[in-house]
2 protein chains.
Amino acid sequence: MAELRKDLITGEWVNIVVERAKRPSEFHHRKESRAVRGEHSQCPFCPGNEVQTGASLLEYPGAADGEPWSVRVVPNKFPAFHGAGDAERVQHGINLAAPAVGAHEVVIETPEHGKSLARLELPQVERVLAAYRERYLALREDPRLEYTLVFRNHGKVAGASIEHAHSQIIGTPIIPQLAHTRIRGIERYQQEHGRCVYCDIIEQEQEDARRIVAQNASFIAFAPFASRHPFEIWILPMERKAHFVDISPGELRDLAAILKETLLRLELCLGDPPYNFMLLTTDFSEVFHWHIEIVPRLSIAAGFELGTGIYLNVVAPEQAAQFLRDVTITPTKGT
Amino acid sequence: MAELRKDLITGEWVNIVVERAKRPSEFHHRKESRAVRGEHSQCPFCPGNEVQTGASLLEYPGAADGEPWSVRVVPNKFPAFHGAGDAERVQHGINLAAPAVGAHEVVIETPEHGKSLARLELPQVERVLAAYRERYLALREDPRLEYTLVFRNHGKVAGASIEHAHSQIIGTPIIPQLAHTRIRGIERYQQEHGRCVYCDIIEQEQEDARRIVAQNASFIAFAPFASRHPFEIWILPMERKAHFVDISPGELRDLAAILKETLLRLELCLGDPPYNFMLLTTDFSEVFHWHIEIVPRLSIAAGFELGTGIYLNVVAPEQAAQFLRDVTITPTKGT
């Protein structure tokens with residue numbers, strides 16, 4: 001029997017429809033043709049081709065001999081949000097529009113072409129996260145912006161158009177409705193229970209244990225009870241902070257470790273699946289509990305999902321977490 | 001410059017990012033391998049194989065010589081919602097679950113294998129819509145259900161697993177948050193302006209004219225101002241009715257005509273693209289304005305969309321509508 005499960009934050013239901021137990025191999029992704037600007041010599045993110053991306057907004061020095069840099073942040077060449085000025089509203093009859101001013105940046109995560117974030121050495125993953133934080137702090141000062149999202153598209157199916165490992169940062173002049181919805185959900189729970197809903201979720205997950213994927217001193221990675229997508233994983237800091245930028249140096253190291261481990265487990269378990277991750281934080285509310293949501297792209301949202309917002313998920317999160325825990329990770333240099 | 005546009009109903013913004021004018025041919029879809037149960041003799045929806053789907057919930061007599069039936073509605077063999085009883089809530093610690101009781105039906109739209117809904121003769125499209133209405137009326141009496149959605153997945157990318165033309169009906173024991181969001185948006189607009197937002201949108205679209213795709217006495221098809229997806233189209237009845245089942249026989253004929261025309265324009269303009277459509281109606285509110293939303297699946301919702309709910313759309317709706325209007329439709333038998 002399929003089971004409806006309620007997301008405690010958005011209030012939306014998910015339908016866990018497990019017709020039969022699936023093996024992870026059923027989700028193994030056919031290796032995508034990596035044709036899209038996949039050639040080393042022409043890759044705009046490779047060392048030697050820096051002229052293609054223009055001046056860096058941030059650049060960390062090379063970590064290995066002969067490396068010109070270790071992480072670079074550059075403006076997106078095809079920005080979805082850009083330009084100066086106010087996002088002044090314009091009325092077209094009953095309709096409302098505004099120029100999409102804002103920021104759109106690319107974080108080039110490594111000089112090494114063809115290496116996935118999950119396969120980078122731990123200190124390098126830490127540098128990537130430090131770059132997120134540093135750019136986030138800079139964009140906080142930008143008077144055009146109301147909201148900033150760090151996200152990552154891995155694989156063509158997840159929307160990546162360049163193979164070389166990178167993530168993106170978009171700053172928008174408006175606050176998304178979805179961000180308001182999350183805050184309202186947190187406030188509703190706070191009023192009813194006097195506690196942070198994410199903190200209660202962490203406690204519940206630790207007590208239940210079945211959905212946990214990884215843990216360390218500062219973070220927990222788990223498949224949420226009302227997972228909308230097969231193998232969806234959330235990484236939450238144990239200690240609630242509203243803003244990602246307030247992360248401590250020790251927490252940053254722990255975040256690098258659990259993010260790398262989780263992505264590596266996904267890669268090994270599902271055969272390098274396409275995925276998105278989103279680093280959710282906010283400037284406009286003090287009640288948030290910043291965290292990362294990882295969404296492997298293994299299924300299609302069809303007419304039912306588009307029409308209702310209710311997702312059909314064919315893998316129970318308890319099952320997904322177990323498969324991910326069962327993966328054997330061979331320690332490599334830097335891990 | 002990219003332009004943000006606000007959806008008047010959900011309040012969410014969309015970013016129309018037109019880097020450069022695109023020709024429809026850039027969206028032409030590679031013909032999908034139609035391997036999945038595409039063989040005539042094994043197709044469970046073909047005449048002769050009725051035993052595979054079991055007893056009909058509704059069956060219309062054949063319209064042509066030797067046709068055993070024209071439309072059949074059968075239970076979905078792999079239902080996402082099914083079973084009897086109450087969807088009684090079960091508390092698991094802080095989490096809430098409920099059995100996914102409900103209905104999941106398949107509308108087999110024609111006995112002819114390989115014919116798309118857009119290519120059916122007009123009276124046959126009308127019969128399909130009449131079947132939607134009849135099943136909707138039946139499910140309205142089902143005490144398990146709080147919400148019912150008719151939807152269609154066309155093409156593998158849009159979630160279809162069987163080629164033979166069909167749509168689906170799902171009845172759920174809960175009201176989706178998205179349905180509540182739409183009603184709240186309508187009520188907010190009503191309070192501010194004293195009018196139905198969808199009625200005002202129709203008036204605005206007729207005045208502006210640039211986004212109209214097709215029109216007849218009872219319906220208008222247009223690319224909405226804040227289209228989230230390239231070539232998204234809404235079909236609205238001119239006269240507001242909350243409930244689809246209250247459609248008149250004359251309106252049903254007009255709906256068949258405009259739906260067929262719109263789908264045919266999409267097919268000819270974009271090379272038979274994968275798409276979903278959703279027939280949005282509700283039982284729980286009298287303020288709704290029922291309508292159909294068509295979403296061609298030409299782009300990928302990536303990390304930014306998943307994280308913010310704000311869509312990046314690379315085709316301006318004004319441009320999409322013009323391309324669709326410019327298609328020459330050769331009248332065929334029955335159209």
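Some observations on this one:
- A:Glu67 accessible area, 1.4 Å probe, all protein chains in place, Å² to nearest 10: 50 Å²
- The mean number of partner chain beta-carbon atoms within 10 angstrom of a residue's beta-carbon across peptide B:193-204 is 1.
- Here, the range B:158-218 is characterised by an Rg to Rh ratio of 1.11, where Rg is the alpha-carbon radius of gyration and Rh the Kirkwood radius.
- Ranked order, B:Arg152, A:Arg23 - accessible area, probe 1.4 Å, largest first: A:Arg23, B:Arg152
- Residues in chain B average 40 Å² of solvent-accessible surface per residue, probe 1.4 Å, ligands and nucleic acids excluded.
- Placing +1 on each Lys and Arg Cβ and -1 on each Asp and Glu Cβ, with no other charges, gives the range B:69-122 a dipole about its Cα centre of roughly 140 debye.
- For chain A, adding -39500 (n - 2.57) for each run of n ≥ 4 DSSP H residues and dividing by the number of residues yields -8500 deg cm²/dmol at 222 nm.
- Net +/- balance of residues flanking A:Glu12 in space, Cβ distance below 13 Å, scoring K and R +1, D and E -1: +3
- As a fraction of the 1.4 Å probe accessible area of the protein assembly as shown, surface on carbon and sulfur atoms comes out at 49 percent.
- Buried between B and A is an accessible area of approximately 5400 Å², summed over both sides with a 1.4 Å probe.
- Fraction of beta bridges assigned by DSSP in the protein assembly as shown that are antiparallel (%, nearest 5): 95 percent
- Rounded Å value of the spacing that divides the Cα centres of the range B:213-292 and the range B:101-150: 15 Å
- Selection from A:Ile175, A:Tyr198, A:Pro230, by position along the positive dipole direction of the range A:175-273 (Cβ): A:Ile175
- Isolated cysteines in chain A, defined as those with no second cysteine Cβ under 4.7 Å, comprise A:Cys269.
- Counted residue by residue at 0.36 nm each, then reduced by the alpha carbon distance between them, the extension gain from B:Asp65 to B:Glu207 reaches 46.5 nm.
- For the range B:1-153, the square roots a ≥ b ≥ c of the C-alpha gyration tensor eigenvalues yield an a/c of 1.5 or more together with a/b not exceeding b/c, which makes the shape oblate.
- Rounded, prolate or oblate (a/c below 1.5 giving rounded, otherwise prolate when a/b exceeds b/c) for the range B:224-326 by Cα gyration tensor: oblate
- Average partner coverage of B:176-182, which counts Cβ from other chains inside 10 Å: 5
- Diffusion constant of chain A at 10 °C, which comes from Stokes-Einstein with the Kirkwood Cα-pair radius and 1.306 mPa s, µm²/s: 75 µm²/s
- Taking GluC sites (Glu not before Pro) across the range B:277-335, the ones in a DSSP loop with at most 11 further Cβ atoms lying within 10 angstrom of their Cβ are B:Glu286.
- Note on A:Leu122: accessible area is roughly 40 Å² with a 1.4 Å probe, heavy atoms of protein only.
- Dipole magnitude of the range A:281-335 about its Cα centre (Cβ charges: Lys, Arg +1; Asp, Glu -1), debye to nearest 20: 320 debye
- In terms of Cα atoms, the Rg and Dmax of the protein assembly as shown work out to 25.3, 80 Å.
- Applying 1/(1 + (r/R0)^6) with r as the Cβ-Cβ distance of A:Ser41 and A:Ile329 and R0 = 35 angstrom yields a FRET efficiency of 0.60.
- For the range B:126-192, the list of GluC sites (Glu not before Pro) that fall in a loop by DSSP and count at most 15 other C-beta atoms within 10 angstrom reads B:Glu141.
The values are calculated or read from the model by the stated rules, or taken from the named source; none is laboratory data. Bear in mind that the values here come from a model prediction, so they are computed numbers and not experimental data. Note: ideal-geometry Cβ built from the backbone for every residue, glycine included; neighbour counts use all protein chains shown. Surface areas here come from the heavy atoms of the whole protein model, side chains and all, with no ligands, DNA or RNA. Shrake-Rupley method; radii C 1.70, N 1.55, O 1.52, S 1.80 Å.
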